[in-house]
Amino acid sequence: MEIEVLKSKIHRLTITEANLHYVGSLTLDEDLMDAANMIEYEKIQVVNVNNGNRLETYLIKGKRGSGVCCLNGPAARQGSVGDVVIIISYATMDFEKAKSFSPWVVFPKESNKL
């Protein structure tokens with residue numbers, strides 16, 4: 001049997017930009033992606049702490065060390081610059097393996113820095 005579990009979480013990032021007229025996705029500082037073991041085009045869930053909105057999209061690499069967290073396309077309507085969000089990704093794995101699996105969890109500091 002397989003089960004879906006939390007793979008990675010970046011807890012309490014600040015939205016730095018919102019670009020409504022972009023194709024879609026979330027642009028994220030590549031340093032944060034690496035720290036959370038996330039890759040470009042990975043499906044993610046974005047949870048907005050300020051307004052309770054949740055959305056699914058995918059990641060695009062942002063400039064390393066920039067602290068960028070930009071909602072693109074329709075996602076830009078789900079949050080505002082300055083809102084705090086949680087970025088989550090999930091993985092499917094064997095039930096027994098999942099019992100001992102530990103997710104990557106990142107707690108960014110001010111300005112979305114590690």
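Read-outs: derived from the displayed coordinates by stated rules, not from any lab. It should be emphasised that the depicted structure is a prediction, and the values quoted were computed from it without experimental measurement. Cβ: placed from backbone, ideal geometry, glycine included. Neighbour counts: every protein chain shown.
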Pull up the cross-link candidates among the aspartates and glutamates for Lys109, meaning alpha carbon to alpha carbon under 14 Å and not fewer than 8 places away within one chain.
Asp29, Asp31
What three numbers, in Å, describe the spread of the alpha carbons of the chain along their principal axes, ordered from the longest?
43, 26, 24
Rounded to the nearest 20 Debye, what is the dipole magnitude of the range 46-114 about its Cα centre when Lys and Arg each give +1 and Asp and Glu each give -1 at the C-beta?
260
The range 2-94: antiparallel bridges as % of DSSP beta bridges, rounded to 5, reads 75
The range 59-78 versus the range 1-31: alpha-carbon centroid distance in Å
8
Here FRET efficiency (C-beta to C-beta, Phe95 to Arg54, R₀ 35 Å, nearest 0.05) is 0.85
If packing is taken as the average count of other Cβ atoms within 10 Å, what order do 79-90, 100-111, 23-34 fall into, highest mean first?
23-34, 79-90, 100-111
Given Cβ point charges of +1 (Lys, Arg) and -1 (Asp, Glu) and nothing else, what value in debye, to the nearest 20, does the dipole of the range 2-94 about its Cα centre take?
300
